[in-house]
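*Asks:* Can you keep this structure in mind? I'll have questions shortly.
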Amino acid sequence: MSVMDLLAAVRDADERHRIFAERLEDPLAYEVEHAFHFSAKDNLCTSDFQARAGSRILEGYRPPFDATAVARLRQAGGLLIGKTNMDEFGFGSFSTNSATGVPRNPYDAARSCGGSSGGAAAAASMLEGHLAVGVSTGGSISCPASFCGVVGLTPTYGRVSRWGLIDYGNSLDKIGLLSASSGMIRRYLPAISGPDPLDPTSQVQPPLDMSGQIRSVAVPEEALTGLSGSMRAAFEDAVARLERMGVEVRRGAMPALRFALSAYYILATAEASTNLARYCGMRYGDIEQETDQSFNEFFSRVRSRGLGREAKRRILLGTFCRMVGFRDRYYIKALQVRELIIREYEEQFRSVDAVLTPTMPFVAPRFDEIESMSALETYQADFLTGPPNLAGLPHISIPCAYIDGLPAGMQLVAPRWEEGRLLSLAERWENGFEYRRPEGRA
Ligand code: GLN
């Protein structure tokens, strides 16, 4: 496809599904041949677009540099076609907390794409041969991958440099990849992986071993409570199919999973509340010009106007959890739960190659359903994606069924650095799985 045709297809998909916060419009500037096209979630800095991370407070911020992952994909021959819509700073599961546009599900525009990398999943779903760079803190790659019928890989914490990523929760944030099937992810995950002197949390790591295999999985019983009836049935069908493929399935228990969600929301909001302090109206984006106000007035004005409701809620929650008097009860306790979860995964990996659960408890909800959900109900949707993120373990969401025409995903979690075995299983699964692509895909 020529760049001209590609950009026409991108415009068309964007007009129908509001995928991009900003996108490439001028094909003439890009006459060189590119090996592939990719997009970056809007919380990744790139030198050619604004980086607003879905927030009004970053309106107009144009970074002077590329995030390492983006720079590496350009070096690998990629053409960056735009920045994808997302929940503000990654706060959400439906991409509805966005100041730059709420993406609409490729299978039904009255439904959510999931979040917070909703635009990324929609781009992967709507555009043939596309690679979308997403970010997960507590499930933001798996969730939209499940809702949009694409493959989403979240690597081991430390595998991909976070340099140039606008932080949500530094101990949790991971840059990963989404695509319509696993092939593009297999091909380009090595390009973005590896240590980076600019990010001290990136790690020296074993090379990606794409020959790894999954011969056995554990399905923890805790994962099967709270699912919609149709999701449960679809998941059991997928389990049966895995067994026919020769994968041994063991039913097990991981009791700490019950506490994972609470621990995740305490740790993630605690970290987020400190990260958001830098948006003070003086450095980036929305700059407050009236400097003759008192200290409190100045910061309150810019933050009241620039931050959305969910961001404010998280500042309050996170600050509360870190406060003297509450810190031991919430923050420190949550760290202990995190440790327990890591140990439970280690325990599972002594006898199986991966842990298998559904990705989300239901298919993509309609926007009117989301509006009537409380904050707590939306948080509960993440009960299966939170645990591997807390543990920093690589995980993948693979489309496993269509329920009334809407896609549903299953999620596999592997030991540290074992992304290769997740991708091998995805490839094997795809050999027997019939994808149903959304209408109007280009
Ligand atoms: N839905 C979760 C949250 O709102 C996870 C989002 C994410 O991974 N960025 O925190």
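*Asks:* Taking each pair of distinct Cα atoms in the stretch 83-178 once, what is the resulting Kirkwood hydrodynamic radius in Å?
*Replies:* 12.7
*Asks:* Modelling each spin label as a point 7 Å along the Cα-to-Cβ direction, I'd like the Glu25/Arg258 distance in nm, to one decimal.
*Replies:* Taking the simple label geometry, Glu25 and Arg258 are separated by 5.5 nm.
*Asks:* Ok, one more. For Val324 and Asp292, what does the FRET efficiency come to when R0 = 30 Å and r is the distance between their Cβ atoms, rounded to the nearest 0.05?
*Replies:* With R0 = 30 Å, the Cβ-Cβ based efficiency is 0.35.
*Asks:* Just to confirm a number: summing +1 for Lys and Arg and -1 for Asp and Glu over residues other than Ser39 whose beta-carbon lies under 9 angstrom from that of Ser39, what do you get?
*Replies:* +3
*Asks:* Of the listed peptides 419-425, 211-217, what is their order by residue-averaged count of other C-beta atoms within 10 Å, with the highest listed first?
*Replies:* 419-425, 211-217
*Asks:* Over the Cα atoms of the stretch 285-442, each weighted equally, I'd like the Debye log10 I(q)/I(0) at q = 0.12, 0.20 Å⁻¹, rounded to two decimals.
*Replies:* -0.82, -1.28
*Asks:* Determine the gain in length on full extension of the stretch Ser228-Tyr402; use 0.36 nm per residue of separation and subtract their C-alpha separation, reporting nm with one decimal.
*Replies:* Between Ser228 and Tyr402, full extension yields an extra 61.3 nm.
*Asks:* Give me the distance in nm between label points sitting 7 Å out from Cα along the Cα-to-Cβ direction at His34 and Glu243, one decimal.
*Replies:* Placing both labels 7 Å beyond Cα along the Cβ direction yields 4.6 nm.
*Asks:* What full-extension length gain, to one decimal in nm, is calculated for Phe433 and Arg313 as 0.36 nm per residue of separation minus the Cα-Cα distance?
*Replies:* Here the segment from Phe433 to Arg313 would lengthen by 39.1 nm.
*Asks:* Sticking with this one: What are the ³J(HN,Hα) couplings of the stretch 134-146, residue after residue, when phi is run through the Karplus curve with 6.51, -1.76, 1.60 and θ = phi - 60°? Round to Hz, x for glycine and proline.
*Replies:* x, 9, 10, 10, x, x, 6, 9, 4, 4, x, 4, 5
*Asks:* Across every pair of different alpha-carbon atoms, what Kirkwood hydrodynamic radius in Å does the stretch 184-272 reach?
*Replies:* It is 17.1 Å.
*Asks:* Give the share of C-alpha pairs in each 10 angstrom bin for the stretch 322-369, from 0 to the last occupied bin, in whole percents, shortest bins first.
*Replies:* Values per bin, smallest distances first: 20, 24, 26, 28, 2.
*Asks:* When Lys and Arg each count +1 and Asp and Glu each count -1, what net charge do the other residues less than 10 Å away from Thr274, Cβ to Cβ, add up to?
*Replies:* 0
*Asks:* Determine the relative contact order of the stretch 267-325: mean sequence separation of Cα pairs under 8 Å and six or more apart, normalised by residue count, in whole percent.
*Replies:* Taking the mean separation of contacting Cα pairs over the length of the stretch 267-325, I get 57 percent.
*Asks:* Let me ask something else about it. Per residue, what volume in Å³ does the Cα convex hull of the chain take up?
*Replies:* Hull volume normalised by residue count: 137 Å³.
*Asks:* For n ≥ 4 DSSP H runs only, could you compute -39500 (n - 2.57) per run for the chain, divide by its residues and tell me the 222 nm figure to the nearest 500?
*Replies:* -11000 deg cm²/dmol
*Asks:* For the stretch 1-86, just the Cα set please: Rg and Dmax, both in angstrom.
*Replies:* 12.6, 37
*Asks:* Relative contact order of the stretch 247-399, please, whole-number percent, based on alpha carbon pairs below 8 angstrom and at least 6 residues apart.
*Replies:* So the answer I get is 34 percent.
*Asks:* Taking the dipole about the Cα centre of the stretch 123-278, with the C-beta of Lys and Arg at +1 and of Asp and Glu at -1, give me whichever of Tyr264, Ile185, Leu276 is farthest to the positive side.
*Replies:* Ile185
*Asks:* Where the eigenvalues come from the Cα gyration tensor of the stretch 122-199, what are the semi-axes √(5λ) of the equivalent ellipsoid, largest first, in whole Å?
*Replies:* Those come to 21, 14, 9 Å.
*Asks:* Considering Cα pairs under 8 angstrom that are at least six residues apart, work out the relative contact order of the chain and quote it in whole percent.
*Replies:* 20 percent.
*Asks:* Okay, moving on. Mind checking which of Ile342, Pro387, Ile370 is farthest towards the positive end of the chain's charge dipole, using Cβ charges of +1 (Lys, Arg) and -1 (Asp, Glu) about the Cα centre?
*Replies:* Result: Ile342.
*Asks:* Assign unit charges at the C-beta atoms only (+1 for Lys and Arg, -1 for Asp and Glu), then state the dipole size of the chain relative to its Cα centre in Debye, rounded to the nearest 20.
*Replies:* Value, rounded to 20: 780 debye.
*Asks:* Can you sort Lys333, Lys312 by 1.4 Å-probe accessible area, starting with the largest?
*Replies:* Reading off the accessible areas and sorting them downward yields Lys333, Lys312.
*Asks:* Moving on. Considering the alpha-carbon set of the stretch 47-89 alone, what are its Rg and its Dmax in angstrom?
*Replies:* Over the stretch 47-89's Cα set, Rg and Dmax evaluate to 11.2, 33 Å.
*Asks:* For the stretch 298-344, what size does the Cα cloud have along each of its three principal axes, sorted from largest down, in whole Å?
*Replies:* 44, 23, 12
*Asks:* Please give me the summed charge of the neighbours of Ala240: other residues whose Cβ is under 15 Å from its Cβ, Lys and Arg +1, Asp and Glu -1.
*Replies:* +1
*Asks:* Give me the percent of the accessible area of the stretch 313-442 that comes from carbon and sulfur atoms, probe 1.4 Å, all protein chains in place.
*Replies:* 50
*Asks:* Now, a different point. Measuring from the lowest to the highest alpha carbon on each principal axis, how far does the stretch 266-372 reach, largest first, in angstroms?
*Replies:* Computed over the stretch 266-372, the largest-to-smallest principal extents equal 65, 40, 25 Å.
The values are calculated or read from the model by the stated rules, or taken from the named source; none is laboratory data. Predicted, not measured: the structure shown is a model, and the values here were computed from it. Neighbour counts run over all protein chains shown; Cβ positions are idealised from the backbone, glycine included. The protein model used for the area step is the full one, side chains on, heavy atoms only, and it has no ligands, DNA or RNA in it. Shrake-Rupley method; radii C 1.70, N 1.55, O 1.52, S 1.80 Å.
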